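The values are calculated or read from the model by the stated rules, or taken from the named source; none is laboratory data. Being a predicted model, the structure only gives us computed values, none of them experimental. Cβ coordinates were reconstructed from backbone atoms using ideal geometry, including for glycine residues, and neighbour counts include every protein chain displayed.
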Amino acid sequence: MALMTRWEPFNQLWREMEQFQGELGRALQNGNNVPHWPRLAVSYPALNVWEDSECLYAEAELPGMGLDQLEIFVAGDQLTIKGTRESPKVEKAVWHRQERGFGDFTRVVTLPVEVDADKVEAHFERGVLTVKLPKAEAAKPRKIAIKAQ
């Protein structure tokens with residue numbers, strides 16, 4: 001009598017993936033079981049960028065930060081936001097969760113058109129940075145007169 005066994009070609013793969021997941025989880029945690037999310041962040045701060053016929057606008061959420069912790073640079077078609085988010089000062093406590101990042105950050109965004117760096121305006125209110133970036137004259141749409149022959 002022949003013994004039949006079920007063919008499961010992905011069992012080894014699943015075991016290796018579970019092992020990798022466990023190793024990754026351990027690598028992302030310090031001694032207090034607090035993940036180091038700032039190193040994993042894809043982009044901080046999160047940005048919204050939109051435009052109208054005259055300007056580009058960028059909006060970034062930076063809760064808990066002050067003006068003295070931020071710098072903005074504009075060159076050609078790039079906007080750079082730099083800053084430092086202070087780490088919380090907690091004494092005689094054990095962290096259970098720490099998802100908000102801290103430390104230095106730099107966010108560079110390539111804009112869809114060049115802007116006039118001399119006319120850029122920035123406002124910071126209630127943790128939201130809003131940057132108004134007037135388009136360079138060469139980037140603004142021009143109406144072309146059509147001549148009849």
Pair list, Cβ under 6 Å, 6 or more apart: segment 47-67 residue free of Cβ contacts under 8 Å to residues at least 40 places away in the same chain, other residue surrounded by 11 or more Cβ atoms within 10 Å (Cβ to Cβ) and assigned to a strand (DSSP E or B): Asn48/Glu59; Trp50/Tyr57
Scan of segment 84-99 for residues that are in contact (Cβ under 8 Å) with a residue 40 or more places away in the chain and surrounded by 11 or more Cβ atoms within 10 Å (Cβ to Cβ), ordered by number: Trp95, Gln98
Members of segment 70-109 found to be modelled with pLDDT of 90 or more, hydroxyl-bearing (Ser, Thr, Tyr) and out of contact with any helix residue (DSSP H, G or I) (no Cβ under 6 Å at 6 or more places or on another chain), listed by number: Thr80, Thr106
Search result, residues across segment 110-120 that are surrounded by 11 or more Cβ atoms within 10 Å (Cβ to Cβ) and either at pLDDT below 90 or farther than 15 Å from Lys140 by Cα (or both): Val120
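Among what's in segment 125-149 and is basic (Lys, Arg) and more than 36 Å from the chain's Cα centre (by Cα), pick the residue that is modelled with the lowest pLDDT.
Filtering segment 125-149 down to residues basic (Lys, Arg) leaves 126, 132, 135, 140, 142-143, 147.
From what is left, the residues that are more than 36 Å from the chain's Cα centre (by Cα) are 143, 147.
Details: Lys143: 80, Lys147: 87.
Applying the filter and picking the extreme gives Lys143.
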